[in-house]
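For reference, the structure is listed below as structure tokens.
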Amino acid sequence: MLTRLGCRVLMFNQKMWLFLFMTSQCSSIYHHERGFSSMSAEEGSSGNVKKQSTLSHGGLATASPLVGLPEFSHLGWGHWFTLRDLEMATNRFSSENIIGEGGYGIVYRGRLINGTEVAVKKLLNNLGQAEKEFRVEVEAIGHVRHKHLVRLLGYCVEGVHRLLVYEYVNNGNLEQWLHGNMHQYGTLTWEARMKVILGTAKALAYLHEAIEPKVIHRDIKSSNILIDDEFNAKVSDFGLAKLLDSGESHITTRVMGTFGYVAPEYANSGLLNEKSDIYSFGVLLLEAVTGRDPVDYARPANEVNLVEWLKTMVGTRRAEEVVDSSLEVKPPLRALKRTLLVALRCIDPDADKRPKMSQVVRMLEADEYPFREDRRKRKSGTASMEIETVKDISGPSDAEKMVISESHVEEG
Ligand SMILES: Nc1ncnc2c1ncn2[C@@H]1O[C@H](COP(=O)(O)OP(=O)(O)O)[C@@H](O)[C@H]1O
Ligand SMILES: [Mg+2]
């Protein structure tokens, strides 16, 4: 959650670049404010307009954000910062630099001496955690790199202080775009939402399936999906739950995960594996489709819980009605149903039936390239993709069957 002050700081900083970028991002958002240029450009193009800040150390986009920092503090993968370095970067942790505050501590915006913009996460005092143990865990996170993961640039351990230094991601997070203060700049289009979702899915597939030891995120939620200026997802806080869970600290007893996103088996028994990330991802996907919070007490009783409401809607053949009403251009019905089907599979109460993240990526990509899929279908003359995707698990739930049979009607 952003503090009110944090919100204001964020809004001010982001307004500046938003003016720069509005013209190149027309295809990703519908503007709420009039008066912006309606010139359009291709979504995701590298763009001619580059924000000055992150490149101000004089390098190309590919240059290391750590270039120019003292050599003796270089780690293999990142940088060891002193508290003084980070005080300087954040104007002595000034309240004006606060971006927001979450369950793990306060996040400050900062600028290193080489000009690189950073987000400094000052972790809640965790007195019990041994320095060595902390470093082992941080090193593990530091080595994990992916286009759709926020990069950890380094850390600081001094006395009781524990700080993490991340690359600064400058376009808010998915929660702010869907429900918060970024909403004032426009509504994310369906395509932009799916781009963010697909990026998130790829990041999770990487964490779960491509690296050893695998990393379970444990706190997938929309505020942890940061967004860059090309509307790419950058997943943040991976590995953090484990980092803070290790060691004999008071934080050990804290409930991990965020209400509304937590898989039933994790909530009930603390049983945790990558399938609980997949459940949270399913909720995130539903949030992106519907524009609704996972839990929203402002709604009528039968709509408070997004997952329950969604299942009822699909079960009563009202899938078309669940799409976010603020989307000016609605997604094609086929795409909507396919996306809902993916989400329903991810939130299967039976953890074993949930797909792997790599399967989710494939299913979502099939939606991104429908022509390829259509061609395949025409060639083989087989039934719909919806049926195909369901075949590779042990059988659809009632709600899923409903989506499938509806699609059948639509196509038949
Ligand atoms: N690397 C980053 N770049 C830009 N903003 C960030 C970064 N990391 C976190 N933030 C922002 O800081 C705020 C607080 O983050 P956090 O402490 O992780 O809390 P939460 O995830 O619960 O919202 C959020 O608004 C988040 O978007
Ligand atoms: Mg976070």
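Values computed for the structure shown
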| read-out | value |
| --- | --- |
| Inter-label distance, nm, simple model (7 Å from Cα along the C-beta direction), Glu321/Asn273 | 3.9 |
| Neighbour cut-off at most 11 other Cβ (10 Å), DSSP loop, chymotrypsin sites (Phe, Trp or Tyr not before Pro), the stretch 271-320 | Tyr297 |
| For the stretch 257-327: rounded, prolate or oblate by the Cα gyration tensor [a/c cutoff 1.5] | prolate |
| Neighbourhood net charge (13 Å Cβ-Cβ; Lys/Arg +1, Asp/Glu -1) for Arg135 | -3 |
| Among the listed pairs Lys121/Lys275; Lys122/Lys195; Lys242/Lys356, those beyond 24 Å (Cα-Cα) | Lys121/Lys275; Lys122/Lys195 |
| Distant-in-sequence amide H partners of Arg162 (H built 1.01 Å from N, under 5 Å) | Leu123 |
| Summed residue charge, Cβ within 13 Å of Arg84's Cβ, Lys/Arg positive, Asp/Glu negative | -2 |
| Sparse-neighbourhood loop sites, trypsin sites (Lys or Arg not before Pro) in the stretch 283-334 - DSSP loop, at most 10 other Cβ within 10 angstrom | none |
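Where a number appears in this text, it was derived from the coordinates with a stated rule and is not lab data. Just so it is clear, the structure is predicted and the values come from calculations on it, not from any experiment. Counting neighbours? That spans all protein chains shown, and the Cβs are built from the backbone with ideal geometry, glycine included.
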